[in-house]
Amino acid sequence: MIENFKEVIRAAFVIARRDFTAIIFSKSFFFFLLGPLFPLIIGLAAGGLGKQVNQDIDRPFIGVALSEGETKKLISARSALAENLGNSTIPELIILPEVAADDPDIQRHLDKATQPLTAIISGTLEKPRLTGTEQDVKRWQGRTALLAETALKGSSPIAVETDYVAATGSSKKRTQLLTAQGGQIVLVLLTMILAGMVLSNLVEEKTNKIIEILAAAIPMDAIFLGKLFAMLGMALVGITVWSTLGAIGLFFILPDLPNLPAPAVGWPIFCLLLVVYFSMAYLLLGSLFLGIGAMATTVREVQTLSMPVTMGQLLVFFLAAMSVTKLGETIEWFAVIFPFSSPFAMIARAAQMDNLWQHGAAILWQALFTLIIIRFSVMLFRRNVMKSGQAARKKSLIARVAGR
Amino acid sequence: MTSTSPDIAIEARQIVKRFDGDTAVDGIDLTIKKGSIFGILGPNGAGKTTTLRMLLGIIDPDEGERYLLGSADPISKAHKVGYLPEERGLYQSMKAFDAIAFMGALRGLPLAEGRKRGREMMENHGLGDAVDKQIRALSKGMAQTVQLLGTIVHEPDLIILDEPFSGLDALNQGKLERLIRGQADRGVTVIFSTHVIAHAERLCEEIAIIADGKVPFKGKVSTARDRLRPQVHLETRELDGPWRSSIPADCEPLGHNWHFTLPESGVEPLLEALIQGKAGIESLSIERPGLHDAFVHIAGEAAAKKMDADAAADALGEAA
């Protein structure tokens, strides 16, 4: 058993080494490295897609702990300002009727608020106090003053008192949610860009008739595994190049980087998990695509398969994205357990939950499922593709994929 | 699971393969001894490639058992086997010596050793100038030679070649025959399939003829030849006389030439009858049938049997 496994790994390495060097030293790899530029350019040209996404994610909610009359005035002022300046420029106001305007422990309410709050306005409209993290308070201080001035319909400027807290439960929760979403988007984008390439991976062997030499020499599992490892290696090289160039670029453009919200497991482990979960997502989707692509005999068939495959990836992304704010709920558990969305759901968990054991279990589950897919793909491939005779060539693509 | 005899390179017991209900291989039995050159002959589409693929473990039989070098799991013996498929293929961007090394590496030969051997083998086969060329830059014949060298670079105990002579010119066919003999002299078992009988006749000690997924003949080449009676080519001055009864009744002369199968009674009674009957023998030759004739005869018989069986099945179907 162990000898067999060793042989599979040895043979897989032979395939991986050939594929890896063939890809890395090809001219097309340079264009592959340039690949991310295209969506970036399109994104920028389409009117600041990134800005819009950021606004959607980072929408502020400010709690209002004022007297009932002043609260009404403030809400009216917000409506008026939103009408004139646009809804997105003015923070959403959440009334906190249970909090007294002169409550001495506002931070406690920030921590226990059911909805993540950026800050809380307390005191009076003439002398408002804004409580929150220094970063949030400085950001929203001006607009809080504007709201108060509008509410009082006065001409004199209002000075907003500030009350800084190091971190609040809700701000931490909110920032971790941002990290979760960011991590998930990075994973999904990279997987979408890279895993689809696996679809056409066996076409070279099939058009060059090399597949029979490989199939006669080493276990078919080793061929599939070797190809996946080679493509994963290539993807990781690409990611290393992109992230290094990105980091250098950021260093020159933004030398004073803002403090990024720390994920629950901490940055080093989060980064490590990001790489591991990318690898798992890549292996899971890649093994499926390799299996489907192996059924195709021509490049045209591969192109035909690309569309449903992309759609499938989008569905997985929607599932994962939907579950990110629903930690512990049924939909989130489903995303965690469903193998194809599991890496995306788990990176979101890494940002929001600090227990590590679940990642070990998830990685094992994902690895096991990858092996199951490879086995199944190999079985289909051997049954439907590796055979001589007219019957094999006459079969339709659908029949081959379905194993009929 | 292993086969019983260590002297057997390949053993197949009643292997069957069906594709979409069509039976491509229908209960083939084969036993190939180690150290022999064995030919698998058959017309196109007879089931030769499917049989070889099953023997090599590329596909599994639907029924029956097969053992390669004693193992029921042929891939586990891959490091001792060299295989040249019918449809040749190499990575086009690889350098020639690297392609040989890669094929060796697949079968367990260290890459560095494979590269060294690859260079040496190419130089020994007159391809020294092409060692560092990419496969796409080689001629078809050169690429085929490279693939053949890749098949044997790891010094296998068993070499299986599927239609190795197809696509080669006469010169390269001769080289390949010499290479096969050379391997056999080293004690390597060589099995090759072909539909060109002359190669098998020159190289093989034993053959199997595959027709319509069955094996109507397997054994020594001489035994196959003996399936047919010798052919008599006779030229006489006379066209009729008492000697005429010694010639098969259905044999009609072409001018004064007669061609017929030697009667069961043999040469001497025929000669006696011709001389005593004053046939006036101008020339007489008795030709032993070649493997080609035997092959056509055996394959033809198998095809006729298949046609009869199909017709009977059709008739049964219509009656039902």
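The values are calculated or read from the model by the stated rules, or taken from the named source; none is laboratory data. Note that the coordinates shown come from a computational prediction; the quantities given were computed from them, not determined experimentally. Backbone-built Cβ (ideal geometry, glycine too); neighbour counts: all protein chains shown. Each accessible area value is taken on the protein alone, full model and side chains, heavy atoms only, with ligands, DNA and RNA left out. Shrake-Rupley method; radii C 1.70, N 1.55, O 1.52, S 1.80 Å.
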(Q) Threshold 30 Å², probe 1.4 Å: give the residues of the range B:26-74, in number order, that are less accessible with all protein chains present than with their chain alone. (A) B:Arg53, B:Ile58, B:Ile59
**Q.** Share of carbon and sulfur in the accessible heavy-atom surface of the range B:186-238 [1.4 Å probe, %]
**A.** 46
Q.
Of the candidates B:Leu228, B:Leu291, B:Leu106, which one comes out as most mobile in a Gaussian network treatment of chain B with C-alpha springs shorter than 10 Å?
A. B:Leu106
Q: Using label points projected 7 Å from each Cα along Cα→Cβ, tell me how many nm separate B:Gln92 and A:Glu161, to one decimal.
A: 7.9
**Q.** Within 10 Å of each Cβ in B:211-221, the average number of Cβ atoms from other chains
**A.** 0
Q: At most 14 other Cβ atoms within 10 Å and a DSSP loop assignment: could you name the trypsin sites (Lys or Arg not before Pro) in the range B:177-257 that fit?
A: B:Arg186, B:Arg237
(Q) Can you tell me which of B:Asp226, B:Asp20, B:Asp29 moves the most in a GNM of chain B? Springs connect C-alpha atoms under 10 Å apart. (A) B:Asp20
Q. So which of B:Lys95/B:Lys214; A:Lys209/B:Lys116; B:Lys34/B:Lys214; A:Lys206/B:Lys34 end up more than 30 Å apart, counting from Cα to Cα?
A. B:Lys95/B:Lys214; A:Lys206/B:Lys34
Q: Give me the distance in nm between label points sitting 7 Å out from Cα along the Cα-to-Cβ direction at A:Ala22 and B:Ser283, one decimal.
A: 5.9
Q | Candidate aspartates and glutamates - alpha carbon under 14 Å from A:Lys127, same-chain residues fewer than 8 apart omitted | A | A:Glu70, A:Asp102, A:Glu149, A:Glu161, A:Asp163
Q. Per residue of A:14-21, what is the mean number of Cβ atoms on other protein chains within 10 angstrom of that residue's Cβ?
A. 3
Q: Taking a cut-off of 14 Å between Cα atoms, list the aspartates and glutamates near A:Lys6, but don't count ones fewer than 8 places away on the same chain.
A: A:Asp221
Q. In Å², what does the accessible area per residue of chain B work out to with a 1.4 Å probe?
A. 47
Q: Compute the acute angle (0 to 90°) between the alpha-carbon long axis of helix B:291-319 and the principal axis of greatest extent of the alpha-carbon atoms of chain B; round to the nearest 10°.
A: 90
Q. Roughly how big is the B-A contact, given as buried accessible area in Å² (both sides, 1.4 Å probe, nearest 100)?
A. 2600
Q: State, as an integer percentage, the relative contact order of chain B based on alpha-carbon contacts under 8 Å between residues 6 or more apart.
A: 19
Q: Compute the length gained on full extension between A:Phe5 and A:Glu83: take 0.36 nm times their separation in residues and subtract their Cα-Cα distance, giving the result in nm to one decimal.
A: 21.3 nm
Q | Other-chain or far-sequence residues with amide H under 5 Å of B:Leu161's (modelled H) | A | B:Leu84, B:Ile191, B:Phe192, B:Ser193
Q | Set of aspartates and glutamates with alpha-carbon distance to B:Lys305 below 13 Å, sequence-local pairs under 8 removed | A | B:Asp212
Q) D for the protein assembly as shown, whole µm²/s, Stokes-Einstein with Kirkwood Rh over alpha-carbon pairs at 10 °C and 1.306 mPa s: what number? A) 50
Q. Once both axes come from the Cα atoms, what is the angle between helix B:267-276 and the longest principal axis of chain B, in degrees from 0 to 90, rounded to 10?
A. 30
**Q.** Cβ crowding within 10 Å averaged over residues, with B:139-146, B:266-273 ranked highest first
**A.** B:139-146, B:266-273
Q) Taking amide hydrogens as modeled 1.01 Å from N in the peptide plane, which residues meet the under 5 Å criterion relative to B:Lys33, leaving out close sequence neighbours? A) B:Ala9
Q) Calculated FRET efficiency, B:Glu65 and B:Arg178, Cβ-Cβ r, R0 41 Å, to nearest 0.05? A) 0.70
Q) Over the range B:1-118, what percent of the accessible surface lies on carbon and sulfur atoms, probe 1.4 Å? A) 45
Q: Rounded to the nearest 10 degrees, what's the angle between the helix B:170-185 long axis and the longest principal axis of chain B, both from Cα atoms, 0 to 90?
A: 80
Q: May I ask you to order A:239-252, A:282-295, A:330-343, B:39-52 by the average number of other C-beta atoms within 10 Å around their residues, highest value first?
A: A:282-295, B:39-52, A:330-343, A:239-252
(Q) Distance between the C-alpha centers of the range B:136-195 and the range A:200-214? Whole Å please. (A) 21
Q) If packing is taken as the mean number of other Cβ atoms within 10 Å per residue, what is the order of A:66-78, A:6-18, highest first? A) A:6-18, A:66-78
Q) Pick from B:Ile210, B:Ile275, B:Ile32: which is most flexible by mean-square fluctuation in a GNM of chain B where alpha carbon atoms under 10 Å apart are linked? A) B:Ile275
Q) Per residue of A:90-97, how many C-beta atoms from partner chains lie within 10 Å of its own C-beta, taken as a mean? A) 0
